[in-house]
Amino acid sequence: MIVQLISEYLNWLEVERGLSRNTIDAYKNDLIGFFDYFQNIENLDEIKRNNFSEYTMFLASNNISASSITRKIASIKGFFKYVSANREIKANPALAINSPKLPKRLPKVITFEEIKKLLNNRLTVKEKAVFELLYATGLRVSELVNLEIKNVDFKNNLIKTTGKGSKERFVPVGKKAKAALNEYLKQRELILKTKFGSNYKENAIFINDNGKKITRQWVYNFIKKQGETIHKQISPHTIRHSFATHLLENGADLRAVQELLGHSSVVTTQLYTHISKKRLKEIYFQING
């Protein structure tokens, strides 16, 4: 019964909530982990509030980070909310469960000077286009790898992307990123025709040697390798954070940045204002001692 309800819930998340396959897989793993721990429980009504505290302590004792525990508990609470709403259980035992408090961490960013250094590295045409586009648009890595040629409006310098919750948004593209993208697309077309023939089709903009779209892991490895040249551990998300921070530091409106990033709440975007204030303090004391 529990397995069937989990399957129904995951299907609901996909169909009704429009969540991505990766997100649904994460929910699935979180729920399986929870019920594997309480493997002797066969009926959802047997789950009590103290079971959640016990499971949280188990996760913490196994050095699971607070952010991961928070996500897992949120997944489990979502499931119990669903089954409760559908009257599959008498009462929701997770109703008043609190997730562990997370330390407020500022996203990692790099400076504009460091961005320029990375762009001056010996990059391939594809790598240059990937980096320029990430920094010019603030796209998530999943949005970048799924970007299709039809999503780029070269005339109006806009990109249409689909973010979390299947929400579409339009992001402007600057001259440098557009130029790098155009150069790559010319090379891409030539390679596809030469290697696979003129009838070969692949919708994704960024492709690998096999003519298929690049993976998120490829982008992570590429950005990580570039970070090593400036002795920093960075990821595609670092570039996204830097994009937002540099915009705010140069006077961009918070709501505009929220729209560009595809944040559902401005509260998330406000975190970048703390980075900007921190950066301003650093600059002030560099000048004034």
Given a Förster distance of 45 Å, the FRET efficiency implied by the Cβ-Cβ spacing of MET57 and ARG122, rounded to the nearest 0.05, works out to 0.35
Given a 1.4 Å probe, the accessible area of segment 186-268 per residue, as a whole number of Å², is 60 Å²
Distance in nm between LYS150 and ALA252 label points, each 7 Å along Cα→Cβ, equals 2.8 nm
Rounded to a whole %, the carbon-and-sulfur portion of the accessible area of the chain at a 1.4 Å probe is 50 percent
So LEU95 and PHE112, fully extended at 0.36 nm per residue minus their Cα-Cα distance, gain in nm 1.6 nm
Listed residues GLN226, GLN270, GLN217; largest mean-square fluctuation, Gaussian network over the chain with Cα springs below 10 Å, found at GLN217
Dividing the mean separation of Cα pairs under 8 Å (6+ apart) by the residue count of the chain yields a relative contact order in percent of 17 percent
Computed, not fitted: 222 nm per-residue ellipticity of the chain from DSSP H runs ≥ 4 (each -39500 (n - 2.57)), nearest 500, equal to -19000 deg cm²/dmol
At R0 = 30 Å the Cβ-Cβ FRET efficiency linking LYS224 and LEU185, nearest 0.05, sits at 0.75
To the nearest 20 debye, the chain has a Cα-centred charge dipole, built from +1 on Lys and Arg Cβ and -1 on Asp and Glu Cβ, of 960 debye
Length gained if LYS160 through PHE196 is fully extended, taking 0.36 nm per residue and subtracting the Cα-Cα distance, is 10.2 nm
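The values are calculated or read from the model by the stated rules, or taken from the named source; none is laboratory data. What you see is a predicted model, and the numbers here were worked out from it, not measured in a lab. A quick note on method: Cβ atoms are made from the backbone with ideal geometry, for glycine too, and the neighbour counts reach across all protein chains shown. With ligands, DNA and RNA removed, areas are computed over all heavy atoms of the protein, side chains included. Shrake-Rupley method; radii C 1.70, N 1.55, O 1.52, S 1.80 Å.
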